[in-house]
1. Set Lys and Arg Cβ to +1 and Asp and Glu Cβ to -1, take the dipole of the chain about its Cα centre, and tell me which of His208, Ala14, Asn244 lies farthest positive.
2. Taking the Cβ-Cβ separation of Thr274 and Ser187 as r and a Förster radius of 22 Å, what is the calculated FRET efficiency to the nearest 0.05?
3. What size of dipole, in debye to the nearest 20, comes out for segment 122-259 about its Cα centre when the only charges are +1 on Lys and Arg C-beta atoms and -1 on Asp and Glu C-beta atoms?
4. How many nm is it between the label spots at Gln112 and Cys56, if each spot is 7 Å from the Cα in line with the beta carbon?
5. Stretch Ser91-Lys2 to full length: gain in nm at 0.36 nm per residue minus the Cα-Cα span?
6. When the Cα centres of segment 202-276 and segment 85-109 are compared, how far apart do they sit, in Å?
7. Per the helix-only calculation at 222 nm, which mean residue ellipticity applies to the chain, given -39500 (n - 2.57) for every DSSP H run of n ≥ 4 and division by its residues, nearest 500 deg cm²/dmol?
8. With a cut-off of 8 Å between alpha carbons and a minimum separation of six or more residues, what is the relative contact order of the chain in percent?
Amino acid sequence: MKNIGIITNSDKDAGFAYTNMLIDSIKKFGGQAILPTSSLSNGMEGLDNEVKEICCKCDLIICLGGDGTFIKTARTAYLYNLPILGINLGSLGFLTDIEKGEIDKAVENIFQNNFNIEERMMLLSKIYKDGKLFAEDVAINDVSISRAGILRILHLSTYIDENFFDMFPGDGIVVATPTGSTAYSMSAGGPIAEPTSKLIIVTPICPHLLYSRSFVASDERKIRICVSDGFEHKALVTVDGQKNYEITGGDYIEIEKAPSTVKILKIHSKNFFTVLRNKIYNRSEE
């Protein structure tokens with residue numbers, strides 16, 4: 001991997017100190033840093049266009065920012081089958097697991113071919129209105145269906161492979177990949193899964209029930225979630241916390257494993273449960 005693309009969230013890298021450090025390190029080890037012509041844009045704005053511009057020119061993309069920056073980059077980079085490495089300039093950093101002080105060593109390992117590439121499953125979501133396909137998108141972390149800012153209970157009928165599973169009245173439902181199990185799904189009370197697992201996690205959000213249980217399905221299943229016909233207000237389908245689609249009563253969404261994967265470059269295989277303890281449990285004790 002000689003040509004390395006760089007995507008930076010400038011809100012996270014004041015003065016682009018870490019970006020310049022990364023560029024210098026790539027050059028030191030004999031590589032070429034590929035930056036978009038509109039590089040070093042304003043925060044998250046314009047990242048989609050920047051990623052599209054450099055994808056055909058590089059062998060790997062390194063993004064500097066938080067997990068949001070990583071996901072936004074990956075949602076385009078996967079189309080080009082490019083691996084992605086994240087440098088954590090945010091807080092938790094489950095996806096961006098290279099820390100600021102590890103940049104030079106990480107680049108050295110890349111040029112010494114001392115790395116692994118993990119393939120993570122994604123979700124394919126299809127939204128139907130009046131029985132017709134309205135929108136289609138992929139998710140790396142999760143797809144959520146929620147109330148669109150109104151204080152009304154949302155009734156969602158959930159099916160697994162056309163078999164009725166349950167009706168969930170409440171604030172909504174989040175459907176997550178194993179990678180997304182430590183994000184919104186966890187906050188809603190869902191289980192934590194190893195990120196390389198092959199499964200789909202479905203978790204109700206603040207259900208208006210005496211019981212509240214997530215369920216875990218095989219990655220071969222198809223999940224269908226229907227908004228009750230009597231719901232006259234707007235609900236919101238949110239993909240990876242970055243794309244929003246409005247739906248209403250009678251609309252439904254189908255979610256299944258996407259045919260493509262996200263490729264994440266790992267320099268040193270940190271134990272997932274050690275990372276989890278350091279980033280979640282230890283942080284909660286601060």
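We did not get these values from a lab; they are worked out from the coordinates using the rules stated. All values derive from a computational prediction rather than experimental measurement. Glycine gets a Cβ as well: all are built from the backbone with ideal geometry, and neighbour counts include every protein chain shown.
1. Ala14
2. Values: r = 21 Å, r/R0 = 0.98.
Efficiency, from the Cβ-Cβ distance: 0.55.
3. Working: 13 positive and 18 negative charges, 33 e Å.
Computed charge dipole of segment 122-259: roughly 160 debye.
4. 3.6
5. Working: separation 89, 0.36 × 89 = 32.04 nm, distance 2.96 nm.
The span from Ser91 to Lys2 would gain 29.1 nm if fully extended.
6. Cα centroid of segment 202-276 versus Cα centroid of segment 85-109: 27 Å apart.
7. Values: 6 runs with 50 residues, N = 286.
Helix contribution divided over all residues of the chain: -5000 deg cm²/dmol.
8. Details: 661 pairs, mean separation 50.5, N = 286.
Rounded, it is 18 percent for the chain.
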